[in-house]
1. Full extension from S31 to E255: what is 0.36 nm times the residue separation minus their Cα-Cα distance, to one decimal in nm?
2. Under 19 Å between alpha carbons, and skipping anything fewer than 8 positions from K21 in its own chain: which aspartates and glutamates qualify?
3. Magnitude of the Cβ-charge dipole of the chain, K/R +1 and D/E -1, about the Cα centre, nearest 20 debye?
4. With r defined as the distance between the Cβ atoms of A174 and S246 and R0 fixed at 22 Å, what FRET efficiency is calculated, to the nearest 0.05?
5. Can you tell me the order of 27-39, 65-77 when each peptide is scored by its average per-residue count of other Cβ atoms within 10 angstrom, highest first?
6. Given 0.36 nm per residue, what is the gain on full extension from Q16 to D198 after removing their alpha carbon distance, in nm?
7. How many angstrom lie between the Cα centre of segment 205-268 and the Cα centre of segment 6-36?
8. Highest mean first, how do 187-196, 203-212 rank when packing is the count of other Cβ atoms within 10 Å averaged over residues?
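Each value in this text was obtained by applying a stated rule to the coordinates, not by laboratory testing. As the structure is a computational prediction, the values presented were derived from the model and not from experiment. When we count neighbours, we look across all protein chains shown, and the Cβ atoms used for this are built from the backbone with ideal geometry, even at glycine.
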Amino acid sequence: MSKRDRAFPSAREDEQAARRKRDTPQTRSPSYQLAFADSDFLLRDELRPVRLQLELLKPELALQAADITATIVVFGSARAPSPEQAAENRASPEHARDYEEARRFARLMSERNHTDGLRNVIVTGGGPGIMEAANRGAHEAGARTVGLNIVLPFEQAPNPYVTPDLSFQFHYFAIRKMHFLMRARALVCFPGGFGTMDELFETLTLIQTGKIAPIPVLLFREAWWRRIVDFEGLAADGMIAAEDLSIFSFVETAEEACATIQAFHGES
């Protein structure tokens, strides 16, 4: 909207005008600051509902502006080493293979993307390990790729393969997890720890309860998952219904995962 189409000045125009205020005891008082330009005010505990809205809205507007309509979400351990790191640190070869398979999956999925490049955009938590691998694979395919980082007590920076203007940082885990699923056409989950389990089981619960439409939920490396989680035991004990076991499936290779996602969505 141009200036001549508006009845009132924009917030930016008023914020700029407010900077030109006369220096008096009154204008120096925090109470005189515009509310939306007052960071101390916005950080008050009572403003949490507003911050939740802002954290939902900022990435949403950026993704809309980028015309990203559908995504493939990749979860997995932040500790999975790249082949370079594995060789240096003598890490578990299985975890290094997870990194390479996530990288290969993201590259293949991005290469099979629709011509507009916006249909199967790879989304991760933006950090190291499996997240880095998936962003890296998409980057190697020449595709844009999203990272949804979270502020943590220890230092964490976005991995270098996230598209810079699609790199976001969150304070609230709940809003971050909402953004993971808002455009998701599939969830691909590699072995991981508490964070991976949290994200996976929230997705399974949302599908189970009908809060989101079914999407492919693919668990890489069946032997690992069956060792860690007794899904059949949950069903046998009556904690979930037998049909809930069909919400997810196991895959072993990038090609199998790509084919499963495309078959689910009726794509060749």
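1. 74.7 nm
2. Counting by Cα, and skipping residues close in sequence, K21 has these aspartates and glutamates nearby: E13, D38.
3. With Lys and Arg at +1 and Asp and Glu at -1, about 1220 debye.
4. Efficiency, rounded to the nearest 0.05: 0.20.
5. Going by the mean number of other Cβ atoms within 10 Å, highest first, we get 65-77, 27-39.
6. Gain on extension, Q16 to D198, equals 61.2 nm.
7. Computed from Cα coordinates, the inter-centre distance equals 54 Å.
8. 187-196, 203-212
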